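The values are calculated or read from the model by the stated rules, or taken from the named source; none is laboratory data. For clarity, every value in this text was computed on a predicted model and none was experimentally measured. As a convention, Cβ positions derive from the backbone with ideal geometry for all residues, glycine included, and neighbour counts pool all protein chains shown. Note: areas computed on protein heavy atoms with side chains; ligands, DNA, RNA excluded. Shrake-Rupley method; radii C 1.70, N 1.55, O 1.52, S 1.80 Å.
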Amino acid sequence: MTLRILCTLLCLLATFPSHGQTVSRGADVQRVIDQVMAEVGGKDKLLTLFRMKETFHSGAKPTPDEGKKATVRVSVVEPPKYWWIGKKERADEPAKFDVWAWSLGVLMDPKTQVEIIPDLTHEGPPLFGLSVSGTIDPPMDLYFDKETKLLRRIGWRADYYLFSDWKEHDGVKYASKTVIYKKATGNPWFFHEITEIERLKELPAGLKRP
């Protein structure tokens, strides 16, 4: 192998972070991350371990069809690795990554690669976007309201998620309502609301990390 080819290969390898390596971020990307973090209360206030009471149902309407009831449950979540319903951990549940993005925790992981993506307008004010990868596969797109800097939409896999009804708990803002739509049709199919939320300092008794 010639010296020129060897140098070229070394340069190419240097441009791709190895597994577990911290990813450097450009000034523009970091400025956007700092803005959205400040708006929700700061990175130190993010929800990293919490209990939530939820109601949800599937279908095409924001309320269950006549004769049906929304499901009510209590979850303990430590995204992106753990989500307990009762004492059962949900194992390989992709929704853990949705919650990780919803909480903005994905932006704080040093191994997450973040890129600015084109603006988007969806049913209201214009949105600016960030694509996250490296720690989420396939990459996920997060869109924020340009005026409020709050998370409005996530696009991932075959769905997109719209967030609304922002509330505050223990110094952090969070979207309490989510509607999930199919990308292919634009039709809603899942409605979710957080009715109660509690930050936890430690894992409740009876729960174990696998």
Rounded to the nearest 10 Å², the accessible area of residue 103 at probe 1.4 Å: 10
Calculated volume of the Cα convex hull per residue in Å³ (choose from [x] 117; [y] 174; [z] 162), label: [z]
Value at 222 nm in deg cm²/dmol, rounded to 500, when DSSP H runs of n ≥ 4 in the chain each add -39,500 (n - 2.57): -5000 deg cm²/dmol
Distribution of pairwise C-alpha distances over the stretch 78-145, 10 Å bins, in %: 20, 45, 26, 9, 0
Cross-link partners of residue 146 among aspartates and glutamates (Cα-Cα below 12 Å; sequence separation of 8 or more within a chain): 39, 119
Under 13 Å, Cβ to Cβ, from residue 210 - net charge with Lys/Arg +1 and Asp/Glu -1: +3
Solvent-accessible area, 1.4 Å probe, carbon plus sulfur percent, for the stretch 25-196: 50
Among 168, 147, 196, residue whose mean-square fluctuation peaks in a GNM of the chain (springs only between Cα atoms under 10 Å): 147
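What does the accessible area per residue of the chain come to in Å², with a 1.4 Å probe and no ligands, DNA or RNA counted? Working shown, then result.
Working: 12320 Å² over 210 residues.
With all protein chains present, the chain gives 59 Å² per residue.
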